[in-house]
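The values are calculated or read from the model by the stated rules, or taken from the named source; none is laboratory data. Since this is a predicted model, take the numbers as computed values, not measurements. Please note: Cβ atoms are built from the backbone with ideal geometry, for glycine as well, and neighbour counts cover all protein chains shown. Just so you know, the surface numbers come from the protein's heavy atoms only, side chains and all, with ligands and any DNA or RNA stripped out. Shrake-Rupley method; radii C 1.70, N 1.55, O 1.52, S 1.80 Å.
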Amino acid sequence: MCSTPTSDNAIKANFLFGTANIYNPTAMIRHSFLHEKGIRWNPTFRVPDWEFWVQAMFLGARFANLGEVVLHYRGHKNQETDNISHLRNEFAPVRLKVLELFYSELTLEERMTVEPVLQR
């Protein structure tokens, strides 16, 4: 069993933390959805995988993960995902958009107050 969230709601809630929870090597997405919504991979994004999945969420994507491990990933001490603090400024604008979607009743000032708390 893996500890990755499996439901659509849990995956989307984790987007608030800047955690994609969608593992690119195992991801499957309908081509028709990408084509209909005009979603394209944007290599200029500083956090491209997370921003891609958030963009898909904003356009109506539903997510799911299998409840079993289908990939073993080898990590190392120099990989970027172990130290993403230098990307903090890149995460903030996208996280503010996610907060607006989930908590539309909050003002921009309130979202800006909450955003730093969500940093991991």
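The table below gives the values:
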| item | result |
| --- | --- |
| Among (1) open to solvent by 50 Å² or more (accessible area, probe 1.4 Å); (2) not in a helix (DSSP H, G or I), the one test that residue 22 misses | (1) |
| Residue 60 being open to solvent by 40 Å² or more (accessible area, probe 1.4 Å), within 22 Å of residue 104 (Cα to Cα) and assigned to a loop (DSSP other than H, G, I, E, B) | yes |
| Matching entry among 107, 113 (being at pLDDT 80 or above, of a type in the set (Val, Ile, Thr) and open to solvent by less than 80 Å² (accessible area, probe 1.4 Å)) | 107 |
| Every residue from region 63-90 that is part of a helix (DSSP H, G or I) and either modelled with pLDDT under 75 or open to solvent by less than 60 Å² (accessible area, probe 1.4 Å) (or both) | 80, 81, 82, 85, 86, 87, 88, 89 |
| One residue from 54, 94 being modelled with pLDDT of 85 or more, part of a helix (DSSP H, G or I) and either under 23 Å from residue 39 (Cβ atoms) or not polar (S, T, N, Q) (or both) | 54 |
| Any pair with Cβ under 6 angstrom, 6 or more apart, that starts in region 21-41 at a residue that is farther than 24 Å from residue 73 by Cα and ends at one that is outside any helix (DSSP H, G or I) | 37/59 |
| Every residue from region 90-114 that is over 21 Å from residue 56 (Cα atoms) and either under 15 Å from the mean Cα position of the chain (by Cα) or aliphatic (A, V, I, L, M) (or both) | 106, 108, 112, 114 |
| Any hit, region 25-45, residues being among the charged types (D, E, K, R) and either at pLDDT below 85 or open to solvent by less than 60 Å² (accessible area, probe 1.4 Å) (or both) | no |
| Residue check, residue 11 at pLDDT 85 or above, surrounded by 10 or more Cβ atoms within 10 Å (Cβ to Cβ) and under 17 Å from the mean Cα position of the chain (by Cα) | yes |
| Residues being assigned to a helix (DSSP H, G or I) and hydroxyl-bearing (Ser, Thr, Tyr) - total across region 106-120 | 1 |
